[in-house]
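The values are calculated or read from the model by the stated rules, or taken from the named source; none is laboratory data. All figures in this text were calculated on a predicted structure; none of them were measured in a lab. So basically every Cβ, Gly included, is an ideal-geometry build from the backbone, and we count neighbours across all protein chains shown. These area figures cover heavy atoms from the full protein model, side chains too; ligands, DNA and RNA do not enter into them. Shrake-Rupley method; radii C 1.70, N 1.55, O 1.52, S 1.80 Å.
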Amino acid sequence: MALRNPCIVVIGAGVAGLSTAKKLKEYGFNDVTVLEASDKVGGRVASATFGKACVDTGAQYIHGASEKNPVYCLLKKSGLLNQVPDMGTEAFYSNKGQKVDANFARRAYEAGEGIIQHRGSNTGKSLGEHYAEKTQGVIDSLQDKDQKTRMQSVFALVGKDMLIDVGASDLHRISLDSWQYYINMGDSLNVAGLMFQLVDILLEDFPKDCLLLKREVSKIKWDGTFSVAPSPTAHTEAASDEKVRQYPVCIVCENGEEILADHVIVTISLGCLKAQASSLFIPCLPCKKMEVIDKLCFGSIAKIFLEYEEAFWENEVGTISLIYEDDTPASVSTNKMQWLKSLQFFSVLRPKERFGNILIGWCPGDIADLIETMTDDELSTAITDHLKMFFGHSNIPQPKSILSTKWRSNKFVKGTYAFLPVGVDGQVMDTLAQPLVGCRCPGEDLQVLFAGEATMKTLYGTVQGALLSGHREADRLAAHYKKTAAPTSTTSLDKQV
């Protein structure tokens, strides 16, 4: 098989799929097809027109703004990072309708971050257990009762913000060991309104006829012998040499189309694997891989975009945090009956000249799922009353337009990104990343490969994790076919993950 030009199919045109296809092309593979179930590319890097500009409905943070990060490098090379504005100041308000001293809140927040960002190693504990224990120690060390109350309410805010970062509903469900294998690439950078343009960069020079939209895959048949007759236009002598070309993989689409391949690279989300893996593959996936898919969690985050005629926040403000004075870090979790308590963080889209007056409210886990079921009018009324309580005045208007994301109900994604529950070691992601080994066709290696952020224990939950997982699988096939030409976009990090 290695002597012929391999036919490679990539399932999914998110960042993982596009980066896989792009790097395969750079290696010299010229029979690469990308199948995308939806009518647009990009996956969880997505956009929508809202107000006077395009906004990122998906990823909008570079997690690691440094040359170590290939996403940072691509956006920097394109010149897009020159458009990143000053992020503005942080404003904090209490549920008593008063502004909280920003200096105190920032110092307390940084102390909480230092505790919650602990990188556990084989502790078997939950992040919630660790955070409650360590923050209580800090609170107990304080003498002033008022300061204790203020400190614990900010610590609770840190915990609630972490639920947004992870996409979870309960700190006690998140493993303290979640980041023991993580590669730290530096500070995060908010590139709101710019991240979606990464998709265009990845599509540069990729043949449009090799990207097929609205091709939902219903079955992946592998470890088989599937045949297709040679093209009738083929040279007679060549046709006699290879009367029937055989392939180990057959991809069946919902529209009935069948596509044969030597290799298929599956880049669909963990959410889709959870929903479909048991019926998608024939033969079934190995038990160990199915166990990993079941064990890993796939989180959810909702963004609620709120556009106003006039800003009711101060011009220099970049983020607004809402603090409940009776909150404690002991049990940070969501409650659908009090869903507004989990709407504590708003970011301002800047600059105003580009976006107008837009806030983004962020919700985690099952609250994000709840938001998807609510009407715009319900959200608008509830959020306006919520903001009035914290800002302490009644002249906050309802937004003139509203847009909420719906990642959980998106049938081709079913959430946002992976996280590790208590008792699950990140090494299981290596199992998810392993190619399938056939039994009936042992000579047909690397028939089914896997990419996506959930296959990266060092960078899951990030755009660069998705991108580098695609590079990893392209490298794997290049090594199999002894491709020695160095791709033009190789990053130093490729060798580390």
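Is it true that Q434 is at pLDDT 90 or above, under 16 Å from W222 (Cβ atoms) and surrounded by fewer than 17 Cβ atoms within 10 Å (Cβ to Cβ)? Walk me through it before giving the result.
Details: at pLDDT 90 or above: yes; under 16 Å from W222 (Cβ atoms): yes; surrounded by fewer than 17 Cβ atoms within 10 Å (Cβ to Cβ): yes.
Yes; evaluated as a whole, the condition is true for this residue.
Here are F412, F346: which of them is touching a helix residue (DSSP H, G or I) at 6+ places or on another chain (Cβ under 9 Å) and open to solvent by 50 Å² or more (accessible area, probe 1.4 Å)?
Being touching a helix residue (DSSP H, G or I) at 6+ places or on another chain (Cβ under 9 Å) and open to solvent by 50 Å² or more (accessible area, probe 1.4 Å) holds for just one of F412, F346, which is F412.
Being among the aliphatic types (A, V, I, L, M), over 27 Å from S469 (Cα atoms) and crowded, with 17+ Cβ neighbours inside 10 Å narrows it down to one of V100, V84, V55, V71, so name that one.
Residue meeting the stated conditions: V100.
Limited to region 283-321, what total is found for residues that are open to solvent by less than 30 Å² (accessible area, probe 1.4 Å), within 25 Å of S126 (Cβ to Cβ) and either out of contact with any Lys or Arg (no Cβ under 7 Å at 6 or more places or on another chain) or not in a loop (DSSP other than H, G, I, E, B) (or both)?
9
Sort out which residues of region 118-145 are without any contact (Cβ under 8 Å) to a residue 24 or more places away in the chain and surrounded by 13 or more Cβ atoms within 10 Å (Cβ to Cβ), and write them in order of number. So that I can check it myself, show each step before the final result.
First, the residues of region 118-145 that are without any contact (Cβ under 8 Å) to a residue 24 or more places away in the chain: 133-134, 137, 139-145.
E133, K134, I139, L142 - these are the residues of region 118-145 that are without any contact (Cβ under 8 Å) to a residue 24 or more places away in the chain and surrounded by 13 or more Cβ atoms within 10 Å (Cβ to Cβ).
Within region 370-388, can you find the residues that are open to solvent by 60 Å² or more (accessible area, probe 1.4 Å), in contact (Cβ under 8 Å) with a residue 12 or more places away in the chain and more than 27 Å from K99 (Cα to Cα)?
D376
From the list A65, A37, which residue is over 17 Å from the mean Cα position of the chain (by Cα), closer than 27 Å to G415 by Cβ and assigned to a loop (DSSP other than H, G, I, E, B)?
Details: A65 fails: over 17 Å from the mean Cα position of the chain (by Cα).
Just one listed residue meets the conditions, A37.
Does any residue in region 299-328 that is over 23 Å from Y109 (Cβ atoms) and at pLDDT 95 or above come within less than 8 Å, Cβ to Cβ, of a residue that is part of a loop (DSSP other than H, G, I, E, B) and of a type in the set (D, E, K, R) six or more places away or on a different chain, and which pairs are these?
The qualifying pairs are S300/R408; E307/K400; Y308/K400; E309/K400.
Before we move on, is I367 in contact with an Asp or Glu (Cβ under 8 Å, 6 or more places away or on another chain), modelled with pLDDT of 95 or more and surrounded by 14 or more Cβ atoms within 10 Å (Cβ to Cβ)?
no
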